[in-house]
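Everything below concerns the one structure shown next.
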Amino acid sequence: MSEPKLRNHWIDHLKAFGIFLVVYGHSFSLDWGINQWIYSFHMPLFFLISGYLIREQELALGWWAFTKKTLSSLLPAYVIFVAVCYVVWLFVLRHFGADAGDAIPWYRPLLAALWGTGTLDSFSVFPIVLWFFPCLIVSRFLLYLFHRAPGFGFPIVSSVVCVAGLFWPSDRVLPWELETALVAQFFLMIGFFAKSRSIVESRSKTVRIVLGACLLAAGSIGAFVNGDVEMRTSVYSNGLLFLGNAIAISFGLCLLASLLPGSRLSRFLSRETILIFPLHPIVFSVLFGIYVFVFRQDLSIRENPWLAFFSSILITLGIPVFAPIVRRFCPWVYGLRPKA
């Protein structure tokens with residue numbers, strides 16, 4: 001039996017909106033308010049969607065089958081993007097980018113990639129956004145393990161581990177973003193249960209409008225009340241407020257997005273988030289390089305809010321143009337096998 005079309009539509013809308021926020025959030029031009037709002041939920045939203053897309057049959061697989069499925073869908077993309085981005089950093093951005101004056105040894109990003117961390121500026125994979133891949137891999141394994149707890153043990157264990165992750169010291173970096181995965185797996189669990197309870201699809205249109213707007217408003221207000229948040233570095237300010245805000249905004253957006261009709265653009269961007277997410281920092285560097293070296297603008301131009309906004313749109317729409325080439329010559333990025 002096929003999944004309802006409504007589900008596909010709102011997931012497409014959310015992934016498209018979420019990936020734009022990721023790009024825009026790295027544009028160097030956001031004021032405190034917008035940055036505070038985006039970082040309060042944009043990564044939890046992606047983990048929640050990932051949990052929603054996990055099927056019960058997957059978690060029922062044997063350990064080796066689940067491991068093979070998880071690694072084959074995510075690890076090749078991580079390795080490929082690490083390799084591509086490292087080459088760009090080694091020969092270009094290391095000498096002309098933000099790292100030019102830091103004298104970072106050539107091997108440091110490679111060691112960080114093996115450690116799978118994007119936490120410390122002096123020891124992090126390049127670009128830092130690649131932290132999401134090892135974190136999602138580890139989060140899926142944690143979800144798989146906790147799902148085996150009997151009775152209500154699954155959500156209880158997941159919640160306890162999440163609280164432990166909220167209090168983990170931000171300066172202690174574990175391999176493969178384990179410290180962040182302790183929290184991320186909780187959002188996977190919430191998304192997984194949301195699907196089994198049909199939380200989004202079963203509501204009437206009126207309920208979705210009212211409840212979605214209330215959740216979005218409450219979570220947004222809470223985001224401004226809370227302090228700085230950044231999952232990558234395990235900074236949550238008030239941890240419980242962070243969880244509440246992230247869940248409220250995410251589900252508010254889910255409910256409101258479910259009211260929208262299907263969109264080819266959303267479906268297109270949703271399918272190509274795996275390209276946009278890791279490559280947009282490099283494309284940002286290229287764009288700013290063009291502004292500075294071709295148009296003779298000062299580097300401070302990147303702080304222009306309108307230029308950053310339109311550059312973010314251009315990058316979000318432009319990177320997927322190369323998707324057919326990637327699918328043809330490097331299908332592993334999408335977890336696909338080459339065609340015979």
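Bear in mind that the values in this text are calculations on the coordinates, not laboratory data. Nothing here was measured: the structure is a model prediction, and the numbers come from that model. Here the Cβ positions follow ideal geometry from the backbone for every residue, glycine too, while neighbour counts run over all protein chains shown.
Any residue in segment 20-34 that is surrounded by fewer than 18 Cβ atoms within 10 Å (Cβ to Cβ), on the phi > 0 side of the Ramachandran plot and either touching a residue at least 24 places away in the same chain (Cβ under 8 Å) or in contact with a strand residue (DSSP E or B) (Cβ under 6 Å, 6 or more places away or on another chain) (or both)?
Yes: one or more hits.
List pairs: first in segment 294-319 and over 18 Å from His280 (Cβ atoms), second in a helix (DSSP H, G or I) and β-branched (Val, Ile, Thr), Cβ under 6 Å, 6+ apart or cross-chain?
Cβ pairs passing all conditions: Leu299/Val292.
Is it fair to say Ser312 is surrounded by 15 or more Cβ atoms within 10 Å (Cβ to Cβ), of a type outside the set (Lys, Arg), touching an Asp or Glu at 6+ places or on another chain (Cβ under 8 Å) and closer than 30 Å to His9 by Cα?
No.
Look at Tyr86 and say whether it is more than 26 Å from Ala248 (Cβ to Cβ) and of a type outside the set (S, T, N, Q).
yes
Within the bounds of segment 254-268, is there any residue that is part of a helix (DSSP H, G or I), touching a residue at least 12 places away in the same chain (Cβ under 8 Å), under 18 Å from the mean Cα position of the chain (by Cα) and surrounded by fewer than 16 Cβ atoms within 10 Å (Cβ to Cβ)?
Within segment 254-268 (the criterion being part of a helix (DSSP H, G or I), touching a residue at least 12 places away in the same chain (Cβ under 8 Å), under 18 Å from the mean Cα position of the chain (by Cα) and surrounded by fewer than 16 Cβ atoms within 10 Å (Cβ to Cβ)), the answer is yes, since at least one residue qualifies.
Residue-by-condition table, conditions (1) in contact with a Ser or Thr (Cβ under 9 Å, 6 or more places away or on another chain); (2) not aromatic (Phe, Trp, Tyr):
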| site | (1), (2) |
| --- | --- |
| Val129 | no, yes |
| Pro134 | yes, yes |
| Pro169 | yes, yes |
| Arg172 | yes, yes |
| Phe186 | yes, no |
| Phe193 | no, no |
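Just for segment 181-235: of the residues that are surrounded by 13 or more Cβ atoms within 10 Å (Cβ to Cβ), farther than 29 Å from Gly151 by Cα and basic (Lys, Arg), which one is farthest from the chain's Cα centre (by Cα)?
Arg208
So for segment 277-300 (the condition being among the basic types (Lys, Arg) and either surrounded by 19 or more Cβ atoms within 10 Å (Cβ to Cβ) or part of a helix (DSSP H, G or I) (or both)), does at least one residue qualify?
No, there is no match, as no residue in segment 277-300 is among the basic types (Lys, Arg) and either surrounded by 19 or more Cβ atoms within 10 Å (Cβ to Cβ) or part of a helix (DSSP H, G or I) (or both).
Looking at Tyr78, Tyr107, which one is free of Cβ contacts under 8 Å to residues at least 60 places away in the same chain, under 21 Å from Leu188 (Cα atoms) and of a type in the set (Ser, Thr, Tyr)?
Just a single option satisfies the conditions, and that option is Tyr78.
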